[in-house]
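Shown next, in structure tokens, is the structure this report addresses.
The values are calculated or read from the model by the stated rules, or taken from the named source; none is laboratory data. Not measured: the values here are computed from a predicted model. Quick reminder, even Gly has a Cβ in these numbers, built from the backbone with ideal geometry, and neighbours come from all protein chains shown. The area values use the complete protein model at the heavy-atom level, side chains included, leaving out ligands, DNA and RNA. Shrake-Rupley method; radii C 1.70, N 1.55, O 1.52, S 1.80 Å.
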Amino acid sequence: MPVGALNAALVGFIMKTMGSPSGDQILDIELYQVITIFVVVLVIFVPMVGVVGLFNDENSADTARELADARSAPGGIVGWKDSLDWMNENTPEEGQYGNPDGEAMDLWGQYRLTDDYDYPDGAYGVMSWWDYGHWITGQAERIPNANPFQEGASVAAEFLLAQNETQAEQVLSTVDENENAKTRYVMVDWKMVETESSRPLGGKFFAPTAFTDKYDNQQFYTRILATNQQGRSRTISMLNKQPYYQSMVTRLYHFHGSSEDPGVRLPGSRQRKIPVVEWTGTERETRTGATFVEAPQNGTALRFVDSMEEARNITENNPSAQIGGIGGMPSGEVPALEHYRLVQMSDVNALGRSNASLQANSEHRLQFYKQRYTRRTIATTGLGLEIGRTLSGDQSMTRRQVIQEMSQRTQLGRQIQAVGEQLLFPNTPAWTKVFERVPGATIEGEGGPPNTEVTISVPIEPENGDPFQYTQTVETDSDGEFTATVPYATEGYDNWGPENGYTNVSARANGSYRLQTGFRQNESGYQITYFASANVTEAQVIGEDESAVQVTLSEQVIPPQPGDGEEGNGEESSGDESSGEESGQQSGDDRGSSDGSDGQNGTGYVAPPDSPGWAALPTERVRP
């Protein structure tokens, strides 16, 4: 706009001068006017023709037009493309979901405008934020629930922020046509769960609250600020609250629909740790309505304590502390989802930790700003300090030393970052993830002790990203019986592809379901647990086979081992105070072996494959 105004003024001046009847008037020009015209000419024309050597880098832009071209990189669509292409090729055509013999809808056909279009059986919607609606239409060739015309934005907002699966289903029921034409897929990306909205990161978690009056952003997160001696404040991290972790979008992206709790185990440690975040004073509000808390004077907001009991003693009735809240570490337990399963993750990673990510950066200039912000969180919150002290064994290590190790990219610094990323991201932080809404399979069990928790888990291996474990907890009744609904199959995938009206799933189980109670020590010192395994077919998950999977828990007795203590006294081990590994039960979320080698849940995403010196160290997210 300023250049356009100057152009107009310059042209007007020239025309006026050229049309002047008096040559004397032309010569009656002040020096400052000549200088002004000269500067205007430079501003307008020099950037267009370029100045040789203006930029030293031969690959840099030399003209305004080239600079504009450099800034017109495709952006986020590069991170979405793999998932959009996958959906186009691995899901049924509109009009054929569960209805393979039906007539496919013509994506580019002409349809009569009505107040309430009657979708045919087999039609389905794809839920996502409205920003991505045109991508889903144009690239995936599927029908989005919301689009950039902001049609469906309120429904999308209420679904993404819904605090439990029942609420989410109620939201979808307002747009579902019927049981045969309904929302079948959900697509989410890392920006949709990112609460830091400032540029260049540009998180979008804040956006849905503008389209619903049921929630406001203060319910979900706040900002941790550190103030220096000059009185200047800077953000060291976003602090998420439990409703953030309860939201559907977070439970899908971060946890893949699995149950989650705050517990973590640091490398080389058998003891489960609970993250606690502390600040100074109480949460305050700015003039714009945003909220923040002030970091402690030493600048370290996060630390780990040894038990949930200790964490609760610190945080209960304390307005200046909470459990968890950094990255993917929740403040409390998050139940599993029963009707949503991961079916695909993009090959491009939000942290740039994949070959596809490096290629996207090289060919399309895709930027991975999340990597920079993640380093900030690790270095400045106290997370890196806890990890550094654990890895080095030096309890006198300071936050400044951690920052120095990370900035100089020493071996220890790279290890701190690798472990920090694993703790902040419970699962691979793919750019985009696709989930399918399914009826789920029913598991009916018997033979357990009465009124006892049973943990149901199954290992899942996606085509892209690291393996993970889906975990759900149910409780037996007074007769030792239980019922559970699970969204992941363990077999029969190839019988139900797009040609059969269903999904070619690219995140598949690599083992059976494991059902197990906690360990209980009897008076003789024997450990007692109840265990079963089961397989679930794809037909049962998608509702083509409505039969239930029947299991019977069997008692297993483990004799006391040499060196075992006298703890237990007949009581079942608590998820708050002990881990499965400590009591003889393997954790449901191991991320590697104690010697640093990759275990079932590898850590390949924490480093570019061609970066020397990056260490994939084991760390675990521990569930009760």
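I want the local charge near residue 84. Using Cβ-Cβ distances under 13 Å, sum +1 for each Lys or Arg and -1 for each Asp or Glu among the other residues. Here the count lands on -3. Taking 1.306 mPa s as the viscosity and 10 °C as the temperature, the Stokes-Einstein diffusion coefficient of the range 168-325 based on its alpha-carbon Kirkwood radius rounds to 89 µm²/s.
Within the accessible surface of the range 386-452, defined with a 1.4 Å probe on protein heavy atoms only, the carbon and sulfur portion equals 42 percent. Diffusion of the range 313-449 by Stokes-Einstein, at 25 °C in a medium of 0.890 mPa s and with Rh set to the Kirkwood radius over alpha-carbon pairs, works out to 136 µm²/s. Computed over the Cα atoms of the range 285-388, pair by distinct pair, the Kirkwood hydrodynamic radius stands at 17.4 angstrom.
Ranked by solvent-accessible area (1.4 Å probe, protein heavy atoms only, all chains present), the residues 81, 204 order from largest to smallest as 81, 204.
Each eigenvalue of the Cα gyration tensor of the range 375-489, multiplied by 5 and square-rooted, gives one semi-axis; in descending order these are 41, 20, 10 Å. When all protein chains stay in place and ligands, DNA and RNA are ignored, the 1.4 Å accessible-area order of 129, 135, 279, largest first, is 135, 279, 129. As a ratio to 2.2 N^0.38 Å, the alpha-carbon radius of gyration computed for the range 74-123 takes the value 1.45. When its C-alpha radius of gyration is set against 2.2 N^0.38 Å (N residues), the range 428-548 gives a value of 1.21. Here the peptides 450-460, 310-320, 428-438 are ranked by packing, the mean other Cβ count within 10 Å, and the order with the highest first is 428-438, 450-460, 310-320. Size descriptors for the range 464-529 (Cα atoms only): Rg and Dmax, in that order, 17.6, 58 Å.
Note that the range 338-378 presents 39 Å² accessible area per residue, ligands and nucleic acids not counted, probe 1.4 Å. When the Cα atoms of the range 163-229 are aligned to their principal axes, the ranges along those axes come out at 63, 23, 18 Å in descending order.
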